[in-house]
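A.B. asks: Let me begin by handing over the structure; questions about it come next.
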Amino acid sequence: MTDTPRQNDGNGRRIGRRGLMLAGIQLGVVTTLALKLRSMQVEHAEQYRMLADGNSIKIRLLVPARGLIHDRNGIVIAGNEQNYRVTLTREEAGGEVEPVLRRLARLIPISDARMAELLDEFARRSAITPIVLADRLSWEQFSSIAVNAPALAGVTPESGLSRVYPRAGDLAHVLGYVGPVSDYDLSKIEDPDPVLMLPEFQLGKVGFEARMEDHLRGKAGQRRVEVNSAGREMRQLSRQEGEQGATVQMTIDARLQNYAAQRMGEESAAAVVMDVQTGDILTICSSPSFDPNKFVRGISSPDYKALMNHDHRPLADKTVQGVYPPGSTFKMVTLLAGLEAGVINAGSRFYCPGYTTAGGRRFHCWRKGGHGTVDAVTSLSHSCDVYYYELAQKVGIDRIAAMARKLGLGQRHDLPMSAVAEGIAPDRAWKQARHGQAWQVGDSLNASIGQGYVLASPLQLAVMTARIASGREIRPRLVRAIDGVQQPVPDFPVLDVNPAFLRVARLGMDEVMNSATGTARRSRIVREDWRMAGKTGTSQVRNITAAERARGVVSNDQLPWERRDHALFVCYAPYDAPRYAVSVVVEHGGGGSAVAAPVARDILLFALAGGLPPLDAVPGDQRDAMEERHNAMHLFTPEAPRLTRA
Amino acid sequence: MSYLNYSVAQTPTGLRKILYLNWPLVFLIAAVASIGFLMLVSVAGGRVETWAEPQMYRFAAGMVIMIALAFVPMWFWRGISIPAYVCCFLLLVAVELVGTIGMGAQRWIDIGPIRLQPSELMKISLVLLLAAYYDWLPQRRVSHPLWVLIPVVLILAPTGLVLIQPDLGTSIMLVAGGGIVMFAAGVSLWYFAVVIAAGVGLVATVLESRGTDWQLLKDYQFRRIDTFLDPTADPLGAGYNIIQSQIALGSGGWSGRGFMQGTQSRLNFLPEKHTDFIFTVLAEEFGFVGAMSLLGLYTLIIGFCLYSALSNRDRFAALITVGISGTFFLYFSINMATVMGMLPAKGSPLPLVSYGGTSLMILMLGFGLVQAAHVHRPR
């Protein structure tokens, strides 16, 4: 038997050699693969590990809880509340959101219009983006959704903190409000904190909230989360809570503020209560007000329009932003300027025939028949205009303006509020600069009784009153403590006015209230230990024309509201040891003594009494009316002060 | 000793053949497949039923097929080589016709529950036919131009059909598989040198053709080449897969991030992780140690096949073994090179590990032939 050609050894060897060559090539390839593996997994592993972590680990910021704002007694006036909301992610709902929404509509009301809006939004947005279905749910609604979660695929109940103002309108102007960050906000901030980019972050928009933003904001926390390739969060790797913003205690007394708001009612008015010794602003209240919570939640267009179109301008802060001719409340300034200049003394008298003539024009006293002979004290208590016309011609406008500035008018007091107005204490240079005209003697006469170019805010009038009452250069303040650290009360310097002259002005203010012929006698306080001094003011919104004077149409009641006089009143008490200064402006209210004085007196009484004014503090014939008023009020009566952090 | 003599006398018969199987190869295949099951569990997030379980059934069926084929004597395979080739060729033509009628690139025929991919079957048939051809061809004629031309035509005919499907990857596999058999059969190395030179020339021409009227590749195929050359140029588009795969692989480090702990695969940064990129998952979760283990097992499989071929005095059987193991080698090395960024992404499965029925069945069929060659080797 012989081998067939197929099995000859030569053939076998040949395959063997080529087979070995093949094995060698393959071994080379395998070695190359192994070397590449080694290079990637051993030599460059660190680098790839960093890339992998960068892929999957993302840092997410946590919105810090905003600092609380307390009133001087520890009552929370700006707090945080749990905001319950539900979101839906299309991907988790299995792609079809409508059946889920229909089921959800049985638990919480979803209107057909809202439903259409939501469906449209789901169609537009990515499948993994959670979309807010409903915000600010009640706890009952929220828990019913949580319980039914298994039937609502993709629906996530969430809770977060949102700003809330428990006192609603009472403090709306001073506190301001927060809101979501807008592109405009961002454009104003250099190098904005990344937390501002979070959709749920709330930024102080106006007022105290805006001015104290740095204190109130707090520090953002961090969450390290693992995300998948679609950016969906898979799990949380670590969590570091943020720091809540500082608790800021204001000088405001929420109860007094509430009383002031109630007392002013629907009037277009402003009231400021200041501590005469410390400058603490106890109340700074503008009326009518608005609910800042509506702005936090996103105010509806009709609501906003209603606020904008209201002729009493609820959105304007009349206490610091509103400036008014101070009228006769300015007379203390003119009087003190005259006394300081030495052109008159306390005993100097002028004769008031009801008018005076200066620069070829006739200037009328408010009392047609005139006041007869008037001295410094009676010039205030009777509020004689002619006295000041005569005085102004002797002392000159520049010295009056200088005194006004000494007393806190014509300057911007640095309070952490929005749009604090500077007011105007006019002098020759001012008129030249502003109007390019020379100062006329008539301008001085007008300015001497707080008309003409003079403008002051209720805050400035309160500061003026506090300075006259204390004889010190009191400056207002709103912040009492930050994070429990009391802000020091500055040692206010003694006012650069002769104390004897200040006593004359105070005596005049006392007589306004307490002399038998004082212009505001009706609004006096009858309790001797709270004896009150004050000054009325009625400022014209426009000049009375000669024709009107001829026709006799000068009564405010016969004029349309917006052309009526502003009613002003400034006061302080107790007379012997002043504690509180109050200023009240009632826009187009009419006479200061009739309209502004009772309001100011009642607010002052509340401050003195530390609660509802006792009826025996007012003249007997007013007690019934006062009681009736109190009964009609919805007063804020806080339970024990809440000092805990929410 | 005549051919008939030793065939009858010394080759095992009947059920006794099972004892003569290449058992180390069987165990190696089972070990690789088991790694596959483990990785399929991992990419399914710990669930067995998603991918691992069906794959286990398929593998069990594949094992049965492999062992059953091992019983079939070599004369049968030699006899079937021409009809099998012709059948596969006709099927390819049929697929081309169906594909023209139907969608753009249909590569399969549905026969009941089985999805038949003729190009896959052709890989085996081609090896079978070429092995038979060189078994028949006297050794001295192997390098004669005419006798070289015949196998070249046998290779290029189906390759051309596959190329117009279009399936560049399988075309290359067919050429390479046939080339390996020719190489093992002893065709002069000059021919290979010429072909490689021509190949380089062809690649240059193909690249040159881009954007002209006679563009030789589809746009997406060109983009794959671009992506391969510079994956970072388009990190979120075409380059994304390769970049993410490299990140996953490298981040595995020495010992890996742990079973089901790979962030790249678990968080879906990796595409196609149960099929083409399963090696990446292994490398990420079991690191260099795990990846090298698999590469080692593959190398051992190739080693046992080559040893079986070298020690087989039946030229036909030896060529089949070399051809099939060579195809297997191309499979895993191309897949690994691809996921490591050494070759353009081309969507090839990792043999015995990736999820998928067709490729597993073809592989087990091929190993059945290798086993048959081993069992029936002349003694």
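A.B. asks: Return the residues of the range B:163-187 that are within 11 Å of another protein chain (Cβ to nearest Cβ) and in contact (Cβ under 8 Å) with a residue 12 or more places away in the chain; say none if nothing qualifies. Explain how you work it out, then say what you get.
C.D. replies: Within the range B:163-187, the first condition is being within 11 Å of another protein chain (Cβ to nearest Cβ), and the residues that meet it are B:179-187.
Hits for the range B:163-187 are B:179, B:180, B:181, B:182, B:184, B:185, B:186, B:187.
A.B. asks: Could you give me the residue pairs with C-beta distances under 7 Å whose first residue belongs to the range B:248-276 and is facing chain A (nearest Cβ under 7 Å) and touching a residue at least 12 places away in the same chain (Cβ under 8 Å), whose second residue is open to solvent by 30 Å² or more (accessible area, probe 1.4 Å) and of a type in the set (Val, Ile, Thr) wherever it lies, and which are 6+ apart or on separate chains?
C.D. replies: Listed by first residue and then by second, the contacts come to B:254/A:42; B:254/B:289.
A.B. asks: Continuing with this model, one more query. Can you tell me which of (1) more than 16 Å from residue B:154 (Cβ to Cβ); (2) open to solvent by less than 20 Å² (accessible area, probe 1.4 Å); (3) modelled with pLDDT of 85 or more is the one residue B:122 doesn't meet?
C.D. replies: (1)
A.B. asks: Limited to the range A:137-175, what total is found for residues that are part of a helix (DSSP H, G or I) and in contact with a Lys or Arg (Cβ under 7 Å, 6 or more places away or on another chain)? If you could, list the steps in order and put the result at the bottom.
C.D. replies: We begin by selecting, within the range A:137-175, every residue part of a helix (DSSP H, G or I); these are A:139-147, A:149-151, A:168-175.
Filter once more, keeping what is in contact with a Lys or Arg (Cβ under 7 Å, 6 or more places away or on another chain): A:151.
So the count comes out to 1.
A.B. asks: Taking the condition within 27 Å of residue B:48 (Cα to Cα), at pLDDT 95 or above and crowded, with 20+ Cβ neighbours inside 10 Å, does residue B:331 pass?
C.D. replies: Values: within 27 Å of residue B:48 (Cα to Cα): yes; at pLDDT 95 or above: no; crowded, with 20+ Cβ neighbours inside 10 Å: yes.
Criteria not met by residue B:331.
A.B. asks: Any residue at all in the range B:166-185 that's part of a loop (DSSP other than H, G, I, E, B) and either modelled with pLDDT of 85 or more or not aliphatic (A, V, I, L, M) (or both)? I'd like the intermediate steps shown before the answer.
C.D. replies: Restricting attention to the range B:166-185, the residues satisfying the condition of being part of a loop (DSSP other than H, G, I, E, B) are B:166-167.
Right, trim to either modelled with pLDDT of 85 or more or not aliphatic (A, V, I, L, M) (or both) and you get B:166-167.
Yes, the range B:166-185 contains at least one residue that is part of a loop (DSSP other than H, G, I, E, B) and either modelled with pLDDT of 85 or more or not aliphatic (A, V, I, L, M) (or both).
A.B. asks: Sort through A:96, A:91, A:43 and tell me the only one that's of a type in the set (Asp, Glu), within 20 Å of residue A:152 (Cβ to Cβ) and within 14 Å of chain B (Cβ to nearest Cβ).
C.D. replies: On the way: A:96 fails: within 14 Å of chain B (Cβ to nearest Cβ); A:43 fails: within 20 Å of residue A:152 (Cβ to Cβ).
A:91 is the lone residue from the list that is of a type in the set (Asp, Glu), within 20 Å of residue A:152 (Cβ to Cβ) and within 14 Å of chain B (Cβ to nearest Cβ).
A.B. asks: Also, quick follow-up: For the subset of the range B:307-318 comprising residues that are within 7 Å of chain A (Cβ to nearest Cβ) and in a helix (DSSP H, G or I), which member is most open to solvent (accessible area, probe 1.4 Å)?
C.D. replies: Looking only at the range B:307-318, we keep the residues that are within 7 Å of chain A (Cβ to nearest Cβ), and these are B:309-310, B:313, B:315, B:318.
Subsequent filtering for residues that are in a helix (DSSP H, G or I) retains B:309-310, B:315, B:318.
Details: B:309: 2, B:310: 64, B:315: 6, B:318: 0 Å².
Ranking the qualifying residues of the range B:307-318, first place goes to B:310.
A.B. asks: Another question, if that's okay. Among B:45, B:14, B:79, which is on the phi > 0 side of the Ramachandran plot, without any contact (Cβ under 8 Å) to a residue 12 or more places away in the chain and open to solvent by 40 Å² or more (accessible area, probe 1.4 Å)?
C.D. replies: Details: B:45 fails: without any contact (Cβ under 8 Å) to a residue 12 or more places away in the chain; B:79 fails: on the phi > 0 side of the Ramachandran plot.
Step by step, each of B:45, B:14, B:79 is checked, and only B:14 is on the phi > 0 side of the Ramachandran plot, without any contact (Cβ under 8 Å) to a residue 12 or more places away in the chain and open to solvent by 40 Å² or more (accessible area, probe 1.4 Å).
A.B. asks: Determine whether residue A:276 is within 14 Å of chain B (Cβ to nearest Cβ), touching a strand residue (DSSP E or B) at 6+ places or on another chain (Cβ under 7 Å) and open to solvent by less than 30 Å² (accessible area, probe 1.4 Å).
C.D. replies: When the stated conditions are applied, residue A:276 does not pass them.
A.B. asks: I've got another one for you. With A:479, A:494, A:485, A:489 as the choices, which residue is open to solvent by less than 60 Å² (accessible area, probe 1.4 Å), in the same structural domain as residue A:381 (by TED's automatic domain parsing) and of a type outside the set (Gly, Ala, Ser)? Let's see the steps before the verdict.
C.D. replies: Numbers: A:494 fails: open to solvent by less than 60 Å² (accessible area, probe 1.4 Å); A:485 fails: open to solvent by less than 60 Å² (accessible area, probe 1.4 Å); A:489 fails: open to solvent by less than 60 Å² (accessible area, probe 1.4 Å).
Only one candidate passes the filter, namely A:479.
A.B. asks: Being surrounded by fewer than 16 Cβ atoms within 10 Å (Cβ to Cβ) and either modelled with pLDDT of 95 or more or more than 60 Å from the chain's Cα centre (by Cα) (or both) is the filter here; which residues of the range A:39-56 pass it?
C.D. replies: Of everything in the range A:39-56, those that are surrounded by fewer than 16 Cβ atoms within 10 Å (Cβ to Cβ) and either modelled with pLDDT of 95 or more or more than 60 Å from the chain's Cα centre (by Cα) (or both) turn out to be A:39, A:42, A:43.
A.B. asks: Take the residues in the range A:515-529 that are touching a residue at least 40 places away in the same chain (Cβ under 8 Å) and surrounded by fewer than 20 Cβ atoms within 10 Å (Cβ to Cβ); name whichever of them is nearest to residue A:371 (Cα to Cα). Steps first, please.
C.D. replies: Narrowing the range A:515-529 to residues touching a residue at least 40 places away in the same chain (Cβ under 8 Å): A:515, A:517-520, A:522-527, A:529.
Going one step further and asking which of them are surrounded by fewer than 20 Cβ atoms within 10 Å (Cβ to Cβ), we end up with A:515, A:517, A:522, A:526-527, A:529.
On the way: A:515: 16, A:517: 11, A:522: 20, A:526: 27, A:527: 30, A:529: 31 Å.
Ranking the candidates gives A:517 first.
A.B. asks: May I pose another question? Which residues, counting only those in the range A:172-200, are closer than 30 Å to residue A:287 by Cα and not small (Gly, Ala, Ser)?
C.D. replies: If we filter the range A:172-200 for residues that are closer than 30 Å to residue A:287 by Cα, which is where we start, we get A:172-182, A:184-185.
Correct list: A:173, A:174, A:175, A:177, A:178, A:180, A:181, A:184, A:185.
A.B. asks: Another question about this same structure. Any chance the range B:295-306 includes a residue that's open to solvent by 10 Å² or more (accessible area, probe 1.4 Å), assigned to a helix (DSSP H, G or I), aromatic (Phe, Trp, Tyr) and facing chain A (nearest Cβ under 7 Å)?
C.D. replies: no
A.B. asks: So, one more: State which residue pairs qualify: first residue within 17 Å of residue A:447 (Cβ to Cβ) and inside the range A:357-376, second residue surrounded by 15 or more Cβ atoms within 10 Å (Cβ to Cβ) and of a type in the set (Asp, Glu) in any location, beta carbons under 7 Å apart, and separation of 6 or more residues or different chains.
C.D. replies: Close Cβ pairs (under 7 Å, with a partner that is surrounded by 15 or more Cβ atoms within 10 Å (Cβ to Cβ) and of a type in the set (Asp, Glu)) amount to A:365/A:385; A:366/A:385.
A.B. asks: Scan the range B:306-327 for residues that are out of contact with any helix residue (DSSP H, G or I) (no Cβ under 7 Å at 6 or more places or on another chain) and either in contact (Cβ under 8 Å) with a residue 24 or more places away in the chain or not aromatic (Phe, Trp, Tyr) (or both) and jot them down.
C.D. replies: Our first condition is that a residue be out of contact with any helix residue (DSSP H, G or I) (no Cβ under 7 Å at 6 or more places or on another chain); within the range B:306-327, this holds for B:307, B:311.
If the condition is that a residue be out of contact with any helix residue (DSSP H, G or I) (no Cβ under 7 Å at 6 or more places or on another chain) and either in contact (Cβ under 8 Å) with a residue 24 or more places away in the chain or not aromatic (Phe, Trp, Tyr) (or both), then B:311 is the only one that fits.
A.B. asks: I need every pair where a residue in the range A:86-107 that is farther than 13 Å from residue A:125 by Cα and of a type in the set (Ser, Thr, Tyr) has its Cβ under 9 Å from the Cβ of a residue that is open to solvent by 40 Å² or more (accessible area, probe 1.4 Å) and outside any loop (DSSP other than H, G, I, E, B), sequence separation at least 6 or different chains.
C.D. replies: A:87/A:132; A:87/A:156; A:87/A:157; A:87/A:158
A.B. asks: Considering A:103, A:18, which residue is buried (at least 20 other Cβ atoms within 10 Å of the Cβ), over 30 Å from residue B:244 (Cα atoms) and either in contact with a helix residue (DSSP H, G or I) (Cβ under 9 Å, 6 or more places away or on another chain) or within 14 Å of chain B (Cβ to nearest Cβ) (or both)?
C.D. replies: Exactly one residue qualifies, and that residue is A:18.
A.B. asks: Hey, could you check the range A:222-270 for residues that are among the hydroxyl-bearing types (Ser, Thr, Tyr) and within 15 Å of residue A:319 (Cβ to Cβ) and say which is nearest to the other protein chains (Cβ to nearest Cβ)?
C.D. replies: Let us first name the residues in the range A:222-270 that are among the hydroxyl-bearing types (Ser, Thr, Tyr), namely A:229, A:238, A:247, A:251, A:259, A:268.
Checking the rest, the ones that are also within 15 Å of residue A:319 (Cβ to Cβ) come to A:251, A:268.
On the way: A:251: 54, A:268: 60 Å.
Per the stated criteria, the residue is A:251.
A.B. asks: In addition: Within the range B:353-363, which residues are among the hydrophobic types (A, V, I, L, M, F, W, C) and either farther than 17 Å from residue B:173 by Cβ or open to solvent by 10 Å² or more (accessible area, probe 1.4 Å) (or both)? Walk me through how you get there before you give the answer.
C.D. replies: Initial filter on the range B:353-363 (among the hydrophobic types (A, V, I, L, M, F, W, C)): B:353, B:360-363.
Selection gives B:353, B:361, B:362, B:363.
A.B. asks: For the range A:396-412, which positions are assigned to a loop (DSSP other than H, G, I, E, B) and closer than 16 Å to residue A:446 by Cα? Show your work before the answer.
C.D. replies: Taking the range A:396-412 and keeping what is assigned to a loop (DSSP other than H, G, I, E, B), we get A:396, A:407-412.
Residue satisfying the conditions is A:396 alone.
A.B. asks: Looking only at the range A:439-458, decide whether some residue is of a type in the set (Val, Ile, Thr) and either loosely packed, with under 15 Cβ neighbours inside 10 Å or in a strand (DSSP E or B) (or both).
C.D. replies: Within the range A:439-458, the subset of a type in the set (Val, Ile, Thr) is A:441, A:449, A:454.
Next, from what is left, pick out any that are either loosely packed, with under 15 Cβ neighbours inside 10 Å or in a strand (DSSP E or B) (or both): none.
No - not one qualifying residue is present in the range A:439-458.
A.B. asks: Let me ask another. Return the only residue of A:343, A:395 being more than 21 Å from residue A:540 (Cα to Cα) and open to solvent by 20 Å² or more (accessible area, probe 1.4 Å). Give the steps one after another, and end with the answer.
C.D. replies: Numbers: A:395 fails: open to solvent by 20 Å² or more (accessible area, probe 1.4 Å).
Exactly one of A:343, A:395 is more than 21 Å from residue A:540 (Cα to Cα) and open to solvent by 20 Å² or more (accessible area, probe 1.4 Å), namely A:343.
A.B. asks: Quick one: which residue in A:613, A:638 is in contact (Cβ under 8 Å) with a residue 12 or more places away in the chain and not assigned by TED's automatic domain parsing to the domain that holds residue A:268? Before the answer, list the steps.
C.D. replies: Working: A:613 fails: not assigned by TED's automatic domain parsing to the domain that holds residue A:268.
After applying the criteria, what remains is A:638.
A.B. asks: Out of all the residues in the range A:57-69, is one or more within 11 Å of chain B (Cβ to nearest Cβ), under 22 Å from residue B:270 (Cα atoms) and either modelled with pLDDT of 90 or more or assigned to a helix (DSSP H, G or I) (or both)?
C.D. replies: Among the residues of the range A:57-69, not one is within 11 Å of chain B (Cβ to nearest Cβ), under 22 Å from residue B:270 (Cα atoms) and either modelled with pLDDT of 90 or more or assigned to a helix (DSSP H, G or I) (or both), which makes the answer no.
The values are calculated or read from the model by the stated rules, or taken from the named source; none is laboratory data. Note that the structure is predicted; figures quoted are calculated from it, not measured. With ideal geometry, Cβ positions are generated from the backbone for all residues, glycine too; neighbour counts draw on all protein chains shown. SASA here: full protein model, heavy atoms, side chains in, ligands and nucleic acids out. Shrake-Rupley method; radii C 1.70, N 1.55, O 1.52, S 1.80 Å.
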